[in-house]
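These notes are about the structure you will find just below.
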Amino acid sequence: MKLLKLTYIAHGYYLGFFNKPLIQNRVQAWKYGPVIPELYGVIKRFGTSSVDIELMDLYSEKDLSEKDEEFISLLWNAYKGSSGTKLSALTHTKGSPWSQVFNGQHNVDIPNDIIADYYSNLINKNMDEQQQPA
(Lines give C-alpha, C1' and ligand atoms only; values in the text may rest on other atoms or scores of the structure.)
Protein backbone atom coordinates (compact mmCIF):
# COMPACT_ATOMS: atom_id res chain seq x y z
CA MET A 1 0.00 0.00 0.00
CA LYS A 2 2.83 2.39 0.82
CA LEU A 3 4.32 2.17 -2.68
CA LEU A 4 0.92 2.79 -4.29
CA LYS A 5 0.16 5.79 -2.11
CA LEU A 6 3.66 7.30 -2.42
CA THR A 7 3.51 6.98 -6.20
CA TYR A 8 0.13 8.69 -6.26
CA ILE A 9 1.25 11.47 -3.88
CA ALA A 10 4.43 12.03 -5.93
CA HIS A 11 2.32 12.26 -9.08
CA GLY A 12 -0.01 14.74 -7.37
CA TYR A 13 2.75 17.01 -6.14
CA TYR A 14 4.47 16.84 -9.52
CA LEU A 15 1.25 17.96 -11.20
CA GLY A 16 0.89 20.69 -8.58
CA PHE A 17 4.41 22.04 -8.99
CA PHE A 18 5.06 21.53 -12.70
CA ASN A 19 1.56 21.21 -14.24
CA LYS A 20 2.55 18.02 -16.04
CA PRO A 21 2.22 14.37 -15.04
CA LEU A 22 5.01 12.41 -13.40
CA ILE A 23 3.50 9.15 -14.63
CA GLN A 24 1.51 8.40 -17.77
CA ASN A 25 -0.67 5.75 -16.11
CA ARG A 26 -4.26 6.48 -15.21
CA VAL A 27 -5.27 6.91 -11.60
CA GLN A 28 -8.54 5.50 -10.34
CA ALA A 29 -10.69 5.89 -7.25
CA TRP A 30 -11.13 2.52 -5.57
CA LYS A 31 -12.83 1.76 -2.26
CA TYR A 32 -9.62 2.20 -0.25
CA GLY A 33 -8.34 5.26 -2.09
CA PRO A 34 -6.59 6.27 -5.26
CA VAL A 35 -4.88 3.44 -7.14
CA ILE A 36 -2.69 3.23 -10.23
CA PRO A 37 -4.12 -0.02 -11.67
CA GLU A 38 -1.03 -0.93 -13.71
CA LEU A 39 1.25 -0.54 -10.69
CA TYR A 40 -1.20 -2.43 -8.49
CA GLY A 41 -1.18 -5.29 -11.01
CA VAL A 42 2.60 -5.56 -10.78
CA ILE A 43 2.92 -5.41 -6.98
CA LYS A 44 -0.24 -7.10 -5.66
CA ARG A 45 1.46 -10.49 -5.45
CA PHE A 46 3.77 -9.16 -2.73
CA GLY A 47 0.84 -8.54 -0.39
CA THR A 48 2.11 -6.89 2.78
CA SER A 49 5.70 -8.00 2.15
CA SER A 50 8.41 -5.76 0.75
CA VAL A 51 8.42 -5.34 -3.01
CA ASP A 52 11.28 -7.02 -4.88
CA ILE A 53 13.30 -4.05 -6.12
CA GLU A 54 14.86 -6.07 -8.97
CA LEU A 55 11.40 -6.87 -10.31
CA MET A 56 10.38 -3.23 -10.03
CA ASP A 57 13.43 -2.25 -12.10
CA LEU A 58 11.83 -4.13 -14.99
CA TYR A 59 8.79 -1.85 -14.82
CA SER A 60 10.37 1.44 -13.83
CA GLU A 61 11.15 4.39 -16.04
CA LYS A 62 14.79 4.27 -17.06
CA ASP A 63 14.93 7.76 -18.47
CA LEU A 64 14.12 9.94 -15.47
CA SER A 65 15.75 13.31 -15.67
CA GLU A 66 18.06 14.45 -12.90
CA LYS A 67 15.36 16.95 -11.86
CA ASP A 68 12.78 14.16 -11.60
CA GLU A 69 15.13 11.95 -9.60
CA GLU A 70 15.79 14.84 -7.22
CA PHE A 71 12.06 15.51 -6.90
CA ILE A 72 11.33 11.86 -6.09
CA SER A 73 14.19 11.79 -3.58
CA LEU A 74 12.87 14.89 -1.80
CA LEU A 75 9.39 13.43 -1.67
CA TRP A 76 10.71 10.10 -0.39
CA ASN A 77 12.62 11.86 2.39
CA ALA A 78 9.47 13.75 3.39
CA TYR A 79 7.22 10.67 3.51
CA LYS A 80 9.47 7.62 4.08
CA GLY A 81 8.58 7.50 7.77
CA SER A 82 4.85 7.36 7.08
CA SER A 83 3.07 4.03 7.07
CA GLY A 84 0.87 2.90 4.20
CA THR A 85 -2.12 3.41 6.47
CA LYS A 86 -1.15 7.00 7.25
CA LEU A 87 -0.53 7.75 3.58
CA SER A 88 -3.87 6.20 2.72
CA ALA A 89 -5.58 8.46 5.24
CA LEU A 90 -3.91 11.49 3.61
CA THR A 91 -5.39 10.51 0.26
CA HIS A 92 -8.90 10.19 1.76
CA THR A 93 -9.22 13.65 3.28
CA LYS A 94 -12.31 15.71 2.57
CA GLY A 95 -11.91 17.53 -0.73
CA SER A 96 -9.18 15.19 -2.00
CA PRO A 97 -9.36 14.05 -5.61
CA TRP A 98 -10.44 10.60 -4.42
CA SER A 99 -13.27 12.05 -2.33
CA GLN A 100 -14.38 14.21 -5.27
CA VAL A 101 -14.89 11.29 -7.66
CA PHE A 102 -15.43 8.12 -5.62
CA ASN A 103 -19.03 7.03 -5.93
CA GLY A 104 -18.87 3.59 -4.34
CA GLN A 105 -17.73 1.82 -7.50
CA HIS A 106 -14.29 0.60 -8.61
CA ASN A 107 -12.54 1.85 -11.70
CA VAL A 108 -13.63 5.49 -11.60
CA ASP A 109 -10.87 7.54 -13.23
CA ILE A 110 -9.49 10.52 -11.33
CA PRO A 111 -8.62 13.10 -14.00
CA ASN A 112 -5.19 14.73 -13.78
CA ASP A 113 -6.77 18.19 -13.75
CA ILE A 114 -8.56 17.39 -10.47
CA ILE A 115 -5.34 15.99 -8.98
CA ALA A 116 -3.37 19.03 -10.21
CA ASP A 117 -5.87 21.51 -8.75
CA TYR A 118 -5.89 19.78 -5.38
CA TYR A 119 -2.11 19.55 -5.03
CA SER A 120 -1.56 23.05 -6.42
CA ASN A 121 -3.93 24.40 -3.76
CA LEU A 122 -2.18 22.32 -1.09
CA ILE A 123 1.21 23.67 -2.17
CA ASN A 124 -0.06 27.27 -2.16
CA LYS A 125 -1.65 26.82 1.27
CA ASN A 126 1.59 25.42 2.71
CA MET A 127 3.62 28.25 1.18
CA ASP A 128 1.22 30.85 2.61
CA GLU A 129 1.49 29.29 6.07
CA GLN A 130 5.29 29.34 5.91
CA GLN A 131 5.33 33.02 4.95
CA GLN A 132 3.17 34.16 7.87
CA PRO A 133 5.08 35.69 10.81
CA ALA A 134 5.40 33.53 13.90
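The values are calculated or read from the model by the stated rules, or taken from the named source; none is laboratory data. Please read all numbers here as calculations on a predicted model, not as lab measurements. When we count neighbours, we look across all protein chains shown, and the Cβ atoms used for this are built from the backbone with ideal geometry, even at glycine.
Return only the number of the condition from (1) surrounded by fewer than 16 Cβ atoms within 10 Å (Cβ to Cβ); (2) closer than 22 Å to K20 by Cα; (3) among the small types (G, A, S) that G104 does not satisfy.
(2)
Residues to consider are E54, E38, E61; find the one that is modelled with pLDDT of 85 or more and either in a helix (DSSP H, G or I) or out of contact with any strand residue (DSSP E or B) (no Cβ under 7 Å at 6 or more places or on another chain) (or both).
Only one candidate passes the filter, namely E38.
For region 82-109, which positions are outside any helix (DSSP H, G or I) and closer than 15 Å to A10 by Cα?
Matches in region 82-109: S82, S96.
Being surrounded by 14 or more Cβ atoms within 10 Å (Cβ to Cβ) and over 13 Å from the mean Cα position of the chain (by Cα) narrows it down to one of D68, D113, so name that one.
Matching residue, one of D68, D113: D68.
Within region 16-35, can you find the residues that are at pLDDT 90 or above, surrounded by 10 or more Cβ atoms within 10 Å (Cβ to Cβ) and not hydrophobic (A, V, I, L, M, F, W, C)?
Listed by number, the residues that qualify are G16, N19, P21, N25, R26, Q28, G33, P34.
Would you confirm whether or not region 121-128 contains a residue that is loosely packed, with under 10 Cβ neighbours inside 10 Å and either assigned to a strand (DSSP E or B) or modelled with pLDDT under 90 (or both)?
Yes, region 121-128 contains at least one residue that is loosely packed, with under 10 Cβ neighbours inside 10 Å and either assigned to a strand (DSSP E or B) or modelled with pLDDT under 90 (or both).
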